[in-house]
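Data first, discussion second: the structure below is written as structure tokens.
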Amino acid sequence: MKYKILVINDDGPSSPLIEPFLDALKRQDWVKELRVTLPADESSWIGHGLTRFLPLDVIETHIGTHPGYLVTGKPADCAMLGVHHLYPDKPDFVFSGINVGINSGSAWFLSSGTIGGAQTAALTAMNSAALSAQVAQEIFKHWKAKDELAIQAHADDWKRIAENATRICKTLIEAKAWQEASCYSVNIPWAVTAETDLVVTQMQQTYLPNLFEKLSKSTYHFKFQPLELEPADHQHLDHSTVLSGKVAVTPIARTFSKDVSPDLKQKIEVRK
């Protein structure tokens, strides 16, 4: 079968991974139509927030040779507009990414715009997945500094990651993975190849470190300064898996509730 694919991200059109990802998807014989809706500017760390009070402007554009749209909003806005407004019908799958940097662990999962876009697509009943790629701290600094020459020096790496991300998307589709989960978070190691193992993982419970740096002696001047998560050695959890050099494929359940023990239930449900 051939499918209509909507691609969104949170890094915007300047991401070094977006054009290689689109190129790789376009070459696939299972892709019927490739749709692209991206935030006009980077929108990282925005979760799945939607733009409520401001109007959204949509601009026609091309990412390389691929026609698409830029939205003056967030990844969740891109998902909503891409699913409901900018195309004549709904896509079959929504892929968010590929993010520059991994989004493993619950703290990053709940904060990421890449994840937020995929989750918003899932909330519209779309089959969705968020794809994030491990990037060395030095390369990540080049990306944040908009050092295009340093970023282009890794052009072959971006293509390799994109091709393998596309292979992972195909694997999920062929496995009919969305019969068992509403969304997937996929974290890809930097050195990924066609031989890299895919491991179905659970999400590691993580916590946010101090994300703000004090700029002066004044208590009123701070700057956002995200830090890397500490390495972990728990097997079968997403963060540990990707750090071990394997692809972590984490299914996100259709429900966020869970059963509790009879003892806890009795303590909470106070009887009159």
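The values are calculated or read from the model by the stated rules, or taken from the named source; none is laboratory data. Every value quoted in this text rests on a predicted model; they were computed, and no experiment measured them. Positions of Cβ are generated from backbone atoms using ideal geometry, with glycine treated the same way; all protein chains shown enter the neighbour counts. For the accessible areas, the whole protein counts, side chains as well, though only heavy atoms, and no ligand, DNA or RNA atoms are used. Shrake-Rupley method; radii C 1.70, N 1.55, O 1.52, S 1.80 Å.
For the range 126-174, the solvent-accessible area with a 1.4 angstrom probe is 50 square angstrom per residue. In plain terms, if you count all Cα to Cα distances in the range 112-159 and split them into 10 Å steps from zero, the share in each step is 23, 35, 27, 15, 0 percent. Dipole magnitude for the range 8-123: computed about the Cα centre from +1 point charges on Lys and Arg Cβ and -1 point charges on Asp and Glu Cβ, it is near 240 debye.
Computed from the C-beta positions of residue 141 and residue 261 and an R0 of 35 Å, the FRET efficiency is 0.15 to the nearest 0.05. The residues of the range 1-71 expose, per residue, 51 Å² of accessible area to a 1.4 Å probe. For the range 33-104, chymotrypsin sites (Phe, Trp or Tyr not before Pro) are listed when DSSP marks them as loop and at most 10 other Cβ atoms sit within 10 Å of their Cβ; the list is 53.
DSSP finds beta bridges in the chain, and of those with both partners inside it, around 35 percent are antiparallel.
Per-residue ellipticity at 222 nm computed for the chain from its helices equals -8500 deg cm²/dmol, with DSSP H segments shorter than 4 residues left out and the rest contributing -39,500 (n - 2.57). Annotation: amide H of residue 51 within the under-5 Å range of 74, 77, sequence separation 5 or more or interchain, hydrogens built in the peptide plane. Under the combined filter of DSSP loop state and at most 13 neighbouring Cβ atoms within 10 Å, the range 11-100 retains these trypsin sites (Lys or Arg not before Pro): 27, 52. In this structure, residue 218 and residue 3 have a Cβ-Cβ separation that, at R0 = 51 Å, corresponds to a calculated FRET efficiency of about 0.40. At q = 0.24, 0.26 Å⁻¹ the log10 of I(q)/I(0) for the range 48-122 amounts to -1.23, -1.32, computed by Debye summation with a single uniform scatterer per C-alpha, solvent ignored.
For a straight C-alpha distance cut-off of 13 angstrom, the aspartates and glutamates reachable from residue 4 (same-chain residues fewer than eight places away being disregarded) are 29, 33, 89, 92.
Placing +1 on the Cβ of every Lys and Arg and -1 on the Cβ of every Asp and Glu, with nothing else charged, gives the range 63-189 a dipole about its Cα centre of roughly 100 debye. With Cα atoms defining each centre, the range 150-195 and the range 65-129 are spaced 16 Å apart in the structure. Compute the Cα gyration tensor for the range 78-133, then decide on rounded, prolate or oblate, letting a ≥ b ≥ c be the square roots of its eigenvalues: rounded whenever a/c is under 1.5, prolate when a/b is larger than b/c in the other cases, and oblate in all that remain. The shape class here is prolate. When only the Cβ of Lys, Arg, Asp and Glu is charged (+1, +1, -1, -1), the dipole of the chain relative to its Cα centre reaches about 840 debye. Solvent-accessible surface (1.4 Å probe) assigned to residue 183 amounts to roughly 0 Å².
With only Cα atoms counted, the range 83-210 has Rg and Dmax values of 15.4, 44 Å.
With a 1.4 Å probe and all protein chains left in place, how much of the accessible area of the chain comes from carbon and sulfur atoms, in whole percent?
Details: 7990 of 14940 Å².
With neighbouring chains kept in place, the figure for the chain is 53 percent.
Across the cross-link table entries 146/170; 32/246; 32/176; 74/146; 74/144, which are compared at the Cα atoms, the separations over 26 Å belong to 146/170; 32/246.
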